[in-house]
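Peer 1: Input: one structure, supplied below.
Every number here is computed from the coordinates shown, using simple stated rules; none is lab data. None of the values given here were measured: they were computed from a predicted structure. Here Cβ is always computed from backbone atoms with ideal geometry, including for glycine, and neighbour counts include all displayed protein chains.
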Amino acid sequence: MHCLISLGKDLSISKVSQLIKGESSYWINKNKLTKEKFFWQDDYFAVSVSESQVQSLISYIKNQEEHHAKKTLAEEVDELMTKYG
């Protein structure tokens, strides 16, 4: 899952991640959208982006299904780590 989030001064990435995971897991399980109990993995990956890149990121998120048909998340993370250290 990809999200673009603008954090306020009182929010941390870990808190937002906890809220998204907790609320979505509860909703998915309450509505029985999966055969087995749904839960998220423990990890998450977050990066910051400059204001000038927001529109590009929105486009990327809208097309992520197509994008990930060509490249796995692991490949993408490796590229980002290599590119940005």
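Peer 1: In the structure shown, do any of LYS30/LYS70; LYS21/LYS71; LYS30/LYS71; LYS21/LYS62; LYS9/LYS70; LYS15/LYS37 have a Cα-Cα gap over 28 Å, and if so which?
Peer 2: On the way: LYS30/LYS70 33 Å; LYS21/LYS71 24 Å; LYS30/LYS71 32 Å; LYS21/LYS62 20 Å; LYS9/LYS70 36 Å; LYS15/LYS37 23 Å.
Violating the 28 Å Cα-Cα cut-off are LYS30/LYS70; LYS30/LYS71; LYS9/LYS70.
Peer 1: Here's a follow-up. For segment 17-52, which GluC sites (Glu not before Pro) are both in a DSSP coil and crowded by at most 12 other Cβ atoms within 10 Å? Mind dumping the intermediate values first?
Peer 2: Details: sites: GLU23, GLU36, GLU51; in loops: GLU36.
Of the GluC sites (Glu not before Pro), the ones in loops of segment 17-52 whose Cβ has at most 12 other Cβ atoms within 10 Å are GLU36.
Peer 1: Output ³J(HN,Hα) for segment 8-20: one whole-Hz value per residue in order, computed from phi by the Karplus curve 6.51 cos²θ - 1.76 cosθ + 1.60 with θ = phi - 60°, and x for Gly and Pro.
Peer 2: Along segment 8-20, the couplings run x, 5, 9, 10, 10, 4, 5, 5, 4, 4, 4, 5, 4 Hz.
Peer 1: Can you list, bin by bin at 10 Å, the percent of alpha carbon pairs in the chain, starting at 0?
Peer 2: That works out to 13, 37, 40, 10, 0, in percent per bin.
Peer 1: So which trypsin sites (Lys or Arg not before Pro) in segment 22-79 are both in a DSSP loop and have at most 13 other Cβ atoms within 10 Å of their Cβ? Mind dumping the intermediate values first?
Peer 2: Numbers: sites: LYS30, LYS32, LYS35, LYS37, LYS62, LYS70, LYS71; in loops: LYS32, LYS35, LYS37, LYS71.
Qualifying residues, ordered by number: LYS32, LYS35, LYS37, LYS71.
Peer 1: Could you work out the local net charge near SER17, counting Lys and Arg as +1, Asp and Glu as -1, over the other residues with Cβ closer than 14 Å to its Cβ?
Peer 2: Numbers: positive: LYS15, LYS21; negative: GLU23, ASP42, ASP43.
Local charge sum for SER17: -1.
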